[in-house]
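One structure is given below, encoded as structure tokens.
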Ligand SMILES: [Zn+2]
């Protein structure tokens, strides 16, 4: 049976942490966060896994690393890391189906397919919650044809996304040093938001795609949770959610074992990290983008 990947796609700062925490409540699932970062985070040995262990000592990821070495005698994590990076570039996006016909990329795909299968096998969960967000990575997974892929494209208002990118935020998974999330310029924020919106149209071309507007989700959680439940095709209680320990890469290890109830807040973002002109800039850009990209 193909592993079922519930993939959260979209821009950074779009509310994927909340959605991921909710999806982690699906029975028999394993949440792996931004798992395409495995080839960076596992080998740099500087972060904690969502389960609270140092990532290189985590029961799941250390076993997967071992299995990769056993299965592929010439396995080179640095080479795979570079390949993952190439997939991330927007300019390579359209080339992905063609790339997959070459020997070099077939070898890479074989490793990635094995990697996801091992997540399912080792964790004994055939449902993988993957919040990698990257559209390129998602398109790559889709083109391998090796997974039962359910894509949720999560989109948040451009001004709220921009406001969040302006905040100085510490990455919680680094335990020995202070690493801050990057702060993007206005141009980069706009460019990336629009590119994701455009490229997601290609992901839409299969039946297993769902568009979710973050603001609408927070306003009408019951409505959207019923839709999500139908879409993922798995039984799960949509009346109450708790923080469940995960093996999330790039997630917050503090949530591990907290068992705290998840609250879906409908509070309006006050955009106080944006100045007057930035507010106008992002709000009008968003209206223009929505008119042209459908
Ligand atoms: Zn772990």
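The values are calculated or read from the model by the stated rules, or taken from the named source; none is laboratory data. Remember, predicted model here, so these are calculated numbers, not experimental data. Note that each Cβ is placed from the backbone with ideal geometry, even for glycine, and that neighbours are counted across all protein chains shown.
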Of all residues in segment 19-36, how many are in contact with a helix residue (DSSP H, G or I) (Cβ under 8 Å, 6 or more places away or on another chain) and closer than 28 Å to residue 265 by Cβ?
11
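Looking at segment 60-100, which of its residues are assigned to a loop (DSSP other than H, G, I, E, B) and over 11 Å from residue 111 (Cβ atoms)?
So the first thing to find is which residues in segment 60-100 are assigned to a loop (DSSP other than H, G, I, E, B), and the list is 72-76, 89, 100.
Within segment 60-100, 73, 89, 100 qualify.
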How many residues, within segment 194-217, are buried (at least 17 other Cβ atoms within 10 Å of the Cβ), at pLDDT 95 or above and in a helix (DSSP H, G or I)?
2
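The rows are residues; the columns are (1) within 20 Å of residue 13 (Cα to Cα); (2) surrounded by 22 or more Cβ atoms within 10 Å (Cβ to Cβ).
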{"residue": "105", "(1), (2)": "no, no"}
{"residue": "109", "(1), (2)": "no, no"}
{"residue": "117", "(1), (2)": "no, no"}
{"residue": "120", "(1), (2)": "no, no"}
{"residue": "135", "(1), (2)": "yes, yes"}
{"residue": "141", "(1), (2)": "no, yes"}
{"residue": "147", "(1), (2)": "no, no"}
{"residue": "154", "(1), (2)": "yes, yes"}
{"residue": "158", "(1), (2)": "yes, yes"}
Residues within segment 42-51 that are part of a helix (DSSP H, G or I) and within 11 Å of the ligand (Cβ to nearest atom), tallied
1
Counted residues, segment 218-253 - those being away from the ligand (no atom under 16 Å from the Cβ) and either assigned to a loop (DSSP other than H, G, I, E, B) or in contact with a helix residue (DSSP H, G or I) (Cβ under 6 Å, 6 or more places away or on another chain) (or both):
11
Give just the number: which of (1) more than 16 Å from the ligand (Cβ to nearest atom); (2) over 19 Å from the mean Cα position of the chain (by Cα); (3) within 27 Å of residue 179 (Cβ to Cβ) does residue 138 not satisfy?
(2)
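So if I check each of 95, 91, 81, which one is modelled with pLDDT of 95 or more and out of contact with any strand residue (DSSP E or B) (no Cβ under 6 Å at 6 or more places or on another chain)?
Details: 95 fails: modelled with pLDDT of 95 or more; 91 fails: modelled with pLDDT of 95 or more.
Step by step, each of 95, 91, 81 is checked, and only 81 is modelled with pLDDT of 95 or more and out of contact with any strand residue (DSSP E or B) (no Cβ under 6 Å at 6 or more places or on another chain).
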All positions within segment 175-193 that are closer than 22 Å to residue 33 by Cα and surrounded by fewer than 16 Cβ atoms within 10 Å (Cβ to Cβ):
175, 176, 177, 178, 179, 180, 181, 182, 183
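Of all residues in segment 74-110, which are closer than 20 Å to residue 64 by Cβ and touching a helix residue (DSSP H, G or I) at 6+ places or on another chain (Cβ under 7 Å)? Before the answer, list the steps.
In the first step, residues of segment 74-110 are kept if they are closer than 20 Å to residue 64 by Cβ; the result is 74-85, 87, 107-110.
Listed by number, the residues that qualify are 75, 77, 80, 81, 83, 84, 87, 108, 109.
In this structure, does residue 59 turn out to be within 13 Å of the ligand (Cβ to nearest atom), more than 12 Å from the chain's Cα centre (by Cα) and surrounded by fewer than 17 Cβ atoms within 10 Å (Cβ to Cβ)? Walk me through how you get there before you give the answer.
Values: within 13 Å of the ligand (Cβ to nearest atom): yes; more than 12 Å from the chain's Cα centre (by Cα): yes; surrounded by fewer than 17 Cβ atoms within 10 Å (Cβ to Cβ): yes.
Spelling it out, residue 59 is indeed within 13 Å of the ligand (Cβ to nearest atom), more than 12 Å from the chain's Cα centre (by Cα) and surrounded by fewer than 17 Cβ atoms within 10 Å (Cβ to Cβ).
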List the number of the failed condition for residue 32; all other conditions in (1) modelled with pLDDT of 95 or more; (2) closer than 23 Å to residue 262 by Cα; (3) more than 15 Å from the ligand (Cβ to nearest atom) hold.
(3)
Could you please let me know if residue 11 is within 21 Å of residue 218 (Cα to Cα), within 16 Å of the ligand (Cβ to nearest atom), touching a residue at least 12 places away in the same chain (Cβ under 8 Å) and within 11 Å of the chain's Cα centre (by Cα)?
no
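What residue, of 67, 54, is within 16 Å of the ligand (Cβ to nearest atom), touching a strand residue (DSSP E or B) at 6+ places or on another chain (Cβ under 8 Å) and farther than 30 Å from residue 188 by Cα?
Details: 67 fails: touching a strand residue (DSSP E or B) at 6+ places or on another chain (Cβ under 8 Å).
Exactly one of 67, 54 is within 16 Å of the ligand (Cβ to nearest atom), touching a strand residue (DSSP E or B) at 6+ places or on another chain (Cβ under 8 Å) and farther than 30 Å from residue 188 by Cα, namely 54.
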